[in-house]
Amino acid sequence: MRYLYVLWSVTLFIVFFLILFPFFILFSLFGTWGRKAIWQLIRGWSYVWFFLIGMPVRRVYVQKPDQRKRYIVVANHTSYIDTPLIFRTIPFFVRPLAKKELAGIPLFGFLYRQMAVLVDRSDNASKWKSIQMLRRSLQREGSIFIFPEGTFNETGDPLKFFYDGAFRLALRTGTSLLPVVFPDTSRRWHYSSFWRWSPGINRAIFLPEVPVADFEPDDIAGLKKKVFDMMWAAQKEAEESTS
């Protein structure tokens, strides 16, 4: 049954993608407006897909974000399902930072390049260019989304260490951070195997925003620790509530 469930989920994903792909191409011709239109298409796709594969999604607000503001949204990363969950749960447009390698996937890579700011973490020049693109996106398009752990958390702890990038950018641009925790995704699709899918609830826990005005302009470590501690506590509490 598990194999049938995975095949059903993946087939639905591919079918929806192929149906929408001509619209992705069309809207890609219209710059920022087109990117936001693509966002709405993917958002609608995510609502239907998560419903049909038996993964109900629930937002939990410790504090509701102000949708009129621009944020650097940060979340934990434990599963491939985290990426579609961004579009299903974040209630406003965000442009994610993502690994460059996935842009090479046929057809899907086209969509990936349209929506994400790509980075090659092994290349310092690429990292610098990505930061500049994120900065421009904040100024011209709206909020951005970063997984500060960079890659999957395989440690067994609620979180692994955070990179500095999101916090440096927040301080340099004066942009508040919005921490979000995805506590269930590793149970929905475990990173260790393509076949380790399981239906069930997917929560997104929205924590209070963290204004950078409370920190000195060079206090990357202090800002990072504040956000890390908030997310660690929320993830640990969520894990314990489901154990």
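Bear in mind that the values in this text are calculations on the coordinates, not laboratory data. What you see is a predicted model; the values in this text were computed from it and never measured. FYI the Cβ positions are ideal-geometry reconstructions off the backbone, even for glycines, and counts take in every protein chain you see.
Across the chain, the mean sequence separation of Cα contacts (distance under 8 Å, 6 or more residues apart), normalised by length, yields a relative contact order of 26 percent. Working from Cα pairs under 8 Å separated by at least six residues, relative contact order for the stretch 1-107 is 28 percent.
Among DSSP beta bridges whose residues both lie in the chain, state the antiparallel percentage, nearest 5. Expressed as a percentage, antiparallel bridges in the chain total about 20. Applying both filters, DSSP loop and at most 11 other Cβ atoms within 10 Å, to the trypsin sites (Lys or Arg not before Pro) of the stretch 59-145 gives 68. Ordering 179, 223, 144 by Cα displacement along the dipole of the chain toward the positive end leaves 144 in first place; charges were set at the Cβ atoms of Lys, Arg (+1) and Asp, Glu (-1).
Given +1 on the Cβ of Lys and Arg, -1 on the Cβ of Asp and Glu, and no further charges, what dipole in debye does the chain carry about its Cα centre, rounded to the nearest 20?
Using only the charged Cβ atoms, the result is roughly 760 debye.
The calculated FRET efficiency for residue 193 paired with residue 108, based on their beta-carbon distance and R0 = 22 Å, is about 0.60.
For the pair residue 221 and residue 7 in one chain, pulling the backbone fully straight at 0.36 nm per residue adds 72.7 nm over the alpha carbon distance.
Loop-located chymotrypsin sites (Phe, Trp or Tyr not before Pro) across the stretch 184-243 with a Cβ neighbour count of 14 or fewer within 10 Å are 194, 195, with loop assigned by DSSP.
Reported to the nearest whole Å, the Cα centre-to-centre distance from the stretch 1-58 to the stretch 188-228 is 23. Beyond 24 Å, the tail of the calculated P(r) for the chain holds 45 percent of the Cα pairs.
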